[in-house]
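Below is one structure; the comments refer to it alone.
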Amino acid sequence: MAPTRREVLLLSASAAAAALVPAGAAEASNGVFEAIDAFTGGALRLQGGLLLDAPEIFDNGGAVPIRVVAEGARRIALFNDGNPNPGVAVFSFGRLVPPEATIRIRLARSQTVYAVAEMADGTYREATQKIAVTVGGCG
């Protein structure tokens, strides 16, 4: 059976839209960079001074262990680029609380996890870790 005119137009429009998406944009299509900019107010993020301890390969995406440490941090936020919602968690620390947190997160598939720390001096630090998940945890 031959496709209808509507099906041909829909397929053509989908192919044209896919051709316009820049390479690598599909991985960050959930708005992770916008979410990070909302957390930082668009401020420059420096590398170093933030430890993101996460496995490179994990067999169960339903409970991936993550540990973050940033000496002198007021807040640390976690984001990911492969789940529908990029925001994972935000940890706030007082003067008497050590700036360290541990959490288990759910990852639907292999993706990059971003940790961003707001430091006491107002600067931001960033660390990333690509995590390969062998069994997805979201479905």
- Query: Taking interchain pairs and intrachain pairs at least six residues apart, which have beta carbon atoms under 6 angstrom, with the first residue in region 18-41 and at pLDDT 50 or above and the second part of a loop (DSSP other than H, G, I, E, B) and surrounded by 11 or more Cβ atoms within 10 Å (Cβ to Cβ)?
  - Reply: 28/81; 30/86; 31/86; 32/81; 32/86; 35/86
- Sort out which residues of region 49-74 are closer than 11 Å to residue 125 by Cβ and either open to solvent by 40 Å² or more (accessible area, probe 1.4 Å) or touching a helix residue (DSSP H, G or I) at 6+ places or on another chain (Cβ under 8 Å) (or both), and write them in order of number. 49, 51, 71
- Task: Count, please, the residues in region 56-97 that happen to be in a loop (DSSP other than H, G, I, E, B), in contact with a strand residue (DSSP E or B) (Cβ under 9 Å, 6 or more places away or on another chain) and basic (Lys, Arg).
- Result: 0
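The values are calculated or read from the model by the stated rules, or taken from the named source; none is laboratory data. Just so we're clear, the structure is a prediction, and the values are computed from it rather than from any experiment. As a convention, Cβ positions derive from the backbone with ideal geometry for all residues, glycine included, and neighbour counts pool all protein chains shown. The protein model used for the area step is the full one, side chains on, heavy atoms only, and it has no ligands, DNA or RNA in it. Shrake-Rupley method; radii C 1.70, N 1.55, O 1.52, S 1.80 Å.
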